[in-house]
Each structure stands twice: as C-alpha cells, then as structure tokens.
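To keep things clear, I will list the structure first and then write my remarks on it.
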Amino acid sequence: MTYDDTHSGTDGTRTRVDGPHLDFENSEARVSDLLRAAAERAVPLVEGTANDSLGMPTPCAEYDVRALLNHLYAVVVNFQALAAKEPADFSEILDRTAAPGWREGFAVETGRLVEAWAAPGAEEGTSGAMGLPARTVGAMVLLDLTVHAWDLARATGREFEPAPEVVAGLTDEVERMAPMARKMNVFGDAVDLPDGATAFERLLATTGRDPRARPAA
C-alpha cells in the first residue's frame, strides 16, 4: 500500500469494531509514539527474514517477500520526507535486498522515520501531493508498517501481534479511508469475519486481507 497521493473519504457507513479505539485525527496520541511501537514489532521481523524466503508469496498478490520488503523500505524512507513537508517519490522502487546490510539499513531508516515524525511541526498542517492533514499522512505510514509486518510474518510462517495502542489508533482512520482506498485499488473488498474476531483481524479485513488465509506455497 502507498498512500502519499491518496486521500481518505467515507460513504457514510460505519463498521462496528470491538475494543477501544481512537479518533486518530483528534486524539492526543503522538504519531511518533505509535510509529515507535509499530517499529518495535516490525523491525525484528525484517531483521529475521532469511534470504531463502525472499521469493515466497505474500498476502499481497502483487508482491513476493522481496518486493514487499522493498516496498516497505521505500515507505519508511519517503514518509520521512512527508513528515518534513517535502515531496515523496515512489516512482522507482530500489532492490534494497540486493545490497549487503539491508536488514540493518531498514532498522536505521525506520528509526529515522520515528524521529522525523517526532520533529516539531511534523503533525501540523498538511502534507503530500493531495494536501492531506499531516496526522492522516502519519496514520497511513503507521498502517503500512503494521499491516505489511503482518504480511511478512504470514508469508514466512511467523506470528505477528501489533501493539494494542497502534490498533486502537488506526481503527477509525482505516474505516474512514477505506472507501477511497478501494476505489484506488489500495484496499481490496472487505472480508467478512465470524463473531469473535479480534480488533486487529477486523482491521486487516477492512483492508481486504483475510486473517484466516495462508499464501499459497
């Protein structure tokens, strides 16, 4: 998923999600704090990804593990620029996994992402080509870092549980952005889940992911 040129919208419908959640745009939760919590769960997954898994399929049909990692790398780099109200460029996705030390490099860039969003003024005003509220842009990178960590874990046979405060912070924002994201083919159609699904499973389902499915080998 890439959101720097998208905008959120709503068709007036709401989906009930059990558990606490926040109005991200108006909450007092700092983007940088939520990103730090998300990074603490995502970075170890990237660091623990073996070279022989890079060709494995992922829940994102257009990405194998290598392409998913390169996309996520581009996200954490470009959203540093967006935090500083600078242009982002997703026109070329480099193969970071071809370079030595790419795992350590991802950890470094993710740390810089957190720092960029902690800088004074990062959450204020607008950012990105669509002139979105900066906090909405922050929610977008938070979502990418969270759901793509799940994609990576699912693709490589590992478990992933996001920080509860991250899920709480994203729930309403994902619902708001879902209609426009589906029109732009960023989200798939929502997946129906049985009663008893967790808040994170319902968040995944809103993005078009089926938390019960496994990618084909």
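The values are calculated or read from the model by the stated rules, or taken from the named source; none is laboratory data. As the structure is a prediction and not an experimental result, all values here were calculated from the model. Neighbour counts are summed over all protein chains in view; Cβ atoms, including those assigned to glycine, are modelled from backbone coordinates with ideal geometry. Each accessible area value is taken on the protein alone, full model and side chains, heavy atoms only, with ligands, DNA and RNA left out. Shrake-Rupley method; radii C 1.70, N 1.55, O 1.52, S 1.80 Å.
Of note:
- Test: residue in region 157-167 that is within 20 Å of residue 96 (Cβ to Cβ) and part of a helix (DSSP H, G or I): no
- Residue check for residue 95: acidic (Asp, Glu) and under 16 Å from the mean Cα position of the chain (by Cα): no
Residue-wise test of (1) small (Gly, Ala, Ser); (2) touching a Gly at 6+ places or on another chain (Cβ under 8 Å); (3) at pLDDT below 95; (4) closer than 29 Å to residue 210 by Cα.
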{"position": "29", "(1), (2), (3), (4)": "yes, yes, yes, yes"}
{"position": "34", "(1), (2), (3), (4)": "no, yes, no, yes"}
{"position": "40", "(1), (2), (3), (4)": "no, no, no, yes"}
{"position": "45", "(1), (2), (3), (4)": "no, no, no, yes"}
{"position": "67", "(1), (2), (3), (4)": "yes, no, no, yes"}
{"position": "75", "(1), (2), (3), (4)": "no, no, no, yes"}
{"position": "84", "(1), (2), (3), (4)": "yes, no, no, no"}
{"position": "97", "(1), (2), (3), (4)": "no, no, no, yes"}
{"position": "110", "(1), (2), (3), (4)": "no, no, no, yes"}
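- Residue satisfying all of: in region 78-95; part of a helix (DSSP H, G or I) and in contact with a Leu (Cβ under 7 Å, 6 or more places away or on another chain); surrounded by the fewest Cβ atoms within 10 Å (Cβ to Cβ) among these: 80
- When 201, 124, 165 are checked against the criterion of being in contact with a Leu (Cβ under 8 Å, 6 or more places away or on another chain) and either at positive phi or without any contact (Cβ under 8 Å) to a residue 24 or more places away in the chain (or both), 201 stands alone in meeting it.
- Residues considered: 104, 109, 115, 124. Of these, the only one that is touching a Phe, Trp or Tyr at 6+ places or on another chain (Cβ under 8 Å) and either assigned to a helix (DSSP H, G or I) or surrounded by fewer than 20 Cβ atoms within 10 Å (Cβ to Cβ) (or both) is 109.
- Of the numbered criteria (1) surrounded by fewer than 16 Cβ atoms within 10 Å (Cβ to Cβ); (2) of a type in the set (D, E, K, R); (3) in contact (Cβ under 8 Å) with a residue 24 or more places away in the chain, the one residue 151 fails is (1).
- Condition check for residue 83: of a type in the set (Gly, Ala, Ser) and farther than 24 Å from residue 164 by Cα: no
- Screening 45, 35, 68 for residues that are surrounded by 14 or more Cβ atoms within 10 Å (Cβ to Cβ) and in contact with an Asp or Glu (Cβ under 7 Å, 6 or more places away or on another chain) leaves exactly one candidate, 68.
- Where residue 123 falls short, out of the listed (1) closer than 27 Å to residue 48 by Cα; (2) in contact with a Gly (Cβ under 9 Å, 6 or more places away or on another chain): (1)
- Subset tally (residues that are more than 16 Å from residue 145 (Cβ to Cβ) and in contact (Cβ under 8 Å) with a residue 12 or more places away in the chain) for region 83-120: 10
- Any hit, region 128-146, residues being among the hydroxyl-bearing types (Ser, Thr, Tyr), open to solvent by less than 30 Å² (accessible area, probe 1.4 Å), assigned to a helix (DSSP H, G or I) and over 24 Å from residue 96 (Cα atoms): yes
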